[in-house]
Amino acid sequence: MTADDSVTRSDSGRWSAEGMALGALFVLVGLLGVAYGARSWFPELASRHGAGIDAMLNYLLVSTGGLFLVGHLVLGLFIWQGSRRQRVSRRSATPRAERRLSVGLGMLMALIAEGGVLAIGIPVWGEYYMSDTPDDAVVIEVTGTQFMWHARYPGPDGQFGRLRPELIDSASNPIGLDADDRRAADDVVWTGEVYAPVDRTILIRLRSTDVIHSFFVPSLRVKQDVVPGMTPDVQFVATREGRFDIACAELCGLGHYRMQGFFNVVTDTEFDRWLREQGS
Ligand SMILES: [Cu+2]
């Protein structure tokens with residue numbers, strides 16, 4: 001059998017072994033690609049709202065993966081059908097029908113992928129940014145500086161002391177705490193580590209003293225840009241004790257790669273003890 005024979009056989013309208021094998025290979029690669037992407041690659045979840053974020057990302061992966069597969073199957077079918085013709089002698093659709101189909105299918109795909117993301121994501125957004133703060137919430141101010149995270153707790157008076165940028169000294173006063181303010185006397189400032197209790201609402205108020213940073217704790221599914229001059233709040237409940245990485249997810253300078261910290265989730269008792277020890 002020569003190469004010409006297989007071409008002739010294709011022209012006769014029957015599926016060639018090569019064509020079927022190639023088609024099966026494409027489908028297999030697509031399916032394996034989606035299965036590989038769908039495996040669990042997130043760090044183990046440690047927050048309540050994080051389940052919603054995982055569901056949203058999984059939905060996005062499965063829906064766009066499915067659309068990707070369907071698109072390629074249809075494309076393969078059209079190519080296969082076209083290849084069986086001796087020559088293309090006419091358009092299959094009018095330009096108007098082509099336009100309608102393109103726009104319609106594009107909108108349908110966006111609706112499937114983005115609609116689902118919005119349906120799953122908006123309640124998570126609400127819990128994260130807009131829910132009421134319970135009275136027993138722990139409020140922690142986290143300040144990003146090049147290239148370190150600093151956590152501040154208000155101390156027994158429950159009030160944060162005044163900050164003055166002109167007092168910032170990277171070694172002795174990294175966030176510019178004003179010692180003349182009596183509310184500042186009991187504030188606890190801790191560099192590189194955040195301590196917070198498990199199963200209690202944690203409100204993180206973010207600040208930056210220099211450039212844009214992004215507070216990122218992958219295990220807690222928390223990520224928020226920190227822009228100088230703004231103090232965005234994020235609120236969440238940690239559901240598991242542990243020591244989790246804090247990263248900076250915004251390229252913030254030459255030392256960006258080493259802007260690492262740790263977010264320690266501990267029991268209520270341990271947290272109170274730790275805070276008392278820092279204050280004494
Ligand atoms: Cu940074």
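The values are calculated or read from the model by the stated rules, or taken from the named source; none is laboratory data. Just so we're clear, the structure is a prediction, and the values are computed from it rather than from any experiment. Cβ sites come from the backbone with ideal geometry, for glycine too, and all protein chains shown count toward neighbours.
Within segment 166-177, residues that are without any contact (Cβ under 8 Å) to a residue 60 or more places away in the chain reach partners that are of a type in the set (Ser, Thr, Tyr) and assigned to a strand (DSSP E or B) with beta carbons closer than 7 Å, at six or more positions or on different chains, in the pairs 174/145; 174/191; 175/143. Of all the listed residues (245, 268, 233, 225), the sole one being over 20 Å from the mean Cα position of the chain (by Cα) and assigned by TED's automatic domain parsing to the domain that holds residue 154 is 268.
Among the residues of segment 61-114, write down those that are among the polar types (S, T, N, Q) and in a helix (DSSP H, G or I). Once the filter is applied, which keeps residues that are among the polar types (S, T, N, Q) and in a helix (DSSP H, G or I), segment 61-114 yields 63, 64, 81, 83, 102. Close contacts from segment 100-124, counting a first residue that is within 15 Å of residue 57 (Cα to Cα) and a second that is of a type in the set (A, V, I, L, M, F, W, C), with Cβ to Cβ under 6 Å and a gap of 6+ residues or different chains, come to 117/56; 117/60; 120/55; 120/56; 121/56; 124/53.
Please enumerate the residues belonging to segment 180-197 that are more than 16 Å from the ligand (Cβ to nearest atom) and surrounded by fewer than 19 Cβ atoms within 10 Å (Cβ to Cβ). Correct list: 180, 181, 182, 183, 185, 186, 188, 189, 190, 193.
Counting the residues of segment 149-173 that are crowded, with 18+ Cβ neighbours inside 10 Å and within 16 Å of the ligand (Cβ to nearest atom) gives 3. Can residue 81 be described as surrounded by fewer than 12 Cβ atoms within 10 Å (Cβ to Cβ) and in contact (Cβ under 8 Å) with a residue 12 or more places away in the chain? Here the answer is no, as residue 81 does not meet what is asked.
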